[in-house]
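Structure, as C-alpha cells:
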Amino acid sequence: MPVKISDPADWVDRYGDALLRYACARVADRPLAEDLVQDTFLAAFRHRAQFDGKSSFGTWLVAILRRKIIDHYRKAGRSPDLDAETLAAVEDPFTSKGKWTFSSKKWRTGPADLAENAEFWRVLADCISTMPSHLAQSFQLRELGKVSVDDVVRLTGITAKHLAVRLHRSRLLLRECLERKWFRGERGGAT
C-alpha cells in the first residue's frame with residue numbers, strides 16, 4: 001500500500017513507534033526523543049515535495065530524524081552548561097601518583113545482579129540526569145549507546161581528546177553519585 005504523502009496522520013500511525021524507538025536509543029531521554037520525532041514529521045511535511053521515491057518513505061524519515069539528532073548534539077556541544085560548582089564538588093580522587101585516594105565500598109551483589117536490578121537503573125538514570133548535559137550526552141552515547149569514539153566525535157563536534165576529558169569527568173561524577181545514592185545507602189551494596 002503506497003504511503004499517502006499528503007496525509008501526516010498515516011505517517012504517525014505507520015512510522016511513529018519505529019522513529020521513537022530509534023530516537024530513544026540515541027538520546028536516552030524520552031521527552032527529547034518525542035520532540036525530535038515531532039520535528040522530523042514537521043520537517044517531512046514541509047519538504048514532502050522533495051521526496052523523490054528513490055528510497056522508501058520510512059528510510060527518508062529516518063534520515064531526517066538522524067539529522068535532527070546530530071543537530072541536537074552539535075548544538076549541545078557548542079554551548080555546554082558546564083557547572084563549575086558541580087565539577088568542583090567532586091574532590092580530586094587521585095593521589096599525585098595516580099592512585100585512588102579512597103576505595104569503593106564493597107558490593108553486596110555483583111555487577112551482573114545490578115544489571116538486572118530496576119531500582120539500580122533508576123538511581124543510575126538519576127545520577128546521569130544530575131550531570132551537566134554535555135557530560136551526560138557524551139557518557140550516554142559512548143558508554144550506554146556503545147557509539148564508537150569516531151561517531152561520538154562527529155556527532156558532538158569535539159575532538160577525541162576533548163571527548164576523553166568529558167568521559168573522565170562524567171565517570172568521576174557518576175562514581176561520586178552512585179557512592180552517595182546507592183553503595184553507601186540502604187538500597188545498595190555497601191556492607
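Every read-out reported here was derived from the displayed coordinates using simple, explicitly stated rules and does not represent laboratory data. These numbers come from a predicted model, not from an experiment. Every residue, glycine among them, receives a Cβ derived from its backbone with ideal geometry; neighbour counts consider all protein chains shown.
Along its first, second and third principal axes, ordered by size, region 120-191 spans 41, 18, 18 Å in Cα coordinates. The trypsin sites (Lys or Arg not before Pro) of region 17-71 that meet both conditions, a loop assignment by DSSP and at most 15 other Cβ atoms within 10 Å of the site Cβ, are LYS54. Note that region 146-162 has calculated 3J(HN,Hα) couplings of 6, 7, 5, 4, 4, 5, 5, 4, 5, 5, 8, x, 10, 7, 4, 5, 5 Hz, one per residue in order, obtained from phi through the Karplus relation 6.51 cos²θ - 1.76 cosθ + 1.60 (θ = phi - 60°); glycine and proline are x. The calculated FRET efficiency for ARG66 paired with LYS181, based on their beta-carbon distance and R0 = 35 Å, is about 0.55. For HIS47, neighbours were defined as the other residues whose beta-carbon sits under 14 Å from its Cβ, and their charges (Lys and Arg +1, Asp and Glu -1) total +2.
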